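Working notes for the structure below.
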């Protein structure tokens, strides 16, 4: 089990893949999951590994982002079990680990009554 999660939120899938490449080359981390919001216009990457490796990876991703600069980043050392559950729910969809409970929500998932078009018109 990893001892830390690192998060980077960035605009665009291509920019996210660029940052993920930098993070994975900078330190011994792996992609835990990723979430796309607003059709991929906002992407959250979650990497996992040992605390120092995750800190190094996130710092490198923020500093060396080539396409766009991240809008947010963070590291959670020794995450609480509830955080691990949220990441696991997201990863189960992304890694194809089977069906989720019907009441499970994906990390960054829009509520059922959320309508992007209506929100943009406001």
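The values are calculated or read from the model by the stated rules, or taken from the named source; none is laboratory data. Note that the structure is a prediction, hence the values are computed from the model and not measured. Quick reminder, even Gly has a Cβ in these numbers, built from the backbone with ideal geometry, and neighbours come from all protein chains shown.
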Count, please, the residues in region 18-48 that happen to be at pLDDT 95 or above, farther than 18 Å from residue 89 by Cα and touching a strand residue (DSSP E or B) at 6+ places or on another chain (Cβ under 9 Å). 8
Considering region 4-17 alone, what residues qualify as being modelled with pLDDT under 95 and under 17 Å from residue 78 (Cβ atoms)? none
If a residue has to be in contact with a helix residue (DSSP H, G or I) (Cβ under 8 Å, 6 or more places away or on another chain) and in a helix (DSSP H, G or I) to count, how many in region 47-58 make the cut? 3
If you take the residues in region 57-67 that are touching a strand residue (DSSP E or B) at 6+ places or on another chain (Cβ under 9 Å) and surrounded by 15 or more Cβ atoms within 10 Å (Cβ to Cβ), which one is farthest from residue 5 (Cα to Cα)? 65
Taking the stated definitions as given, is residue 74 under 14 Å from residue 7 (Cα atoms), loosely packed, with under 13 Cβ neighbours inside 10 Å and at pLDDT 95 or above? yes
Filter region 1-31 for residues that are surrounded by 22 or more Cβ atoms within 10 Å (Cβ to Cβ) and outside any helix (DSSP H, G or I); which is nearest to the chain's Cα centre (by Cα)? 8
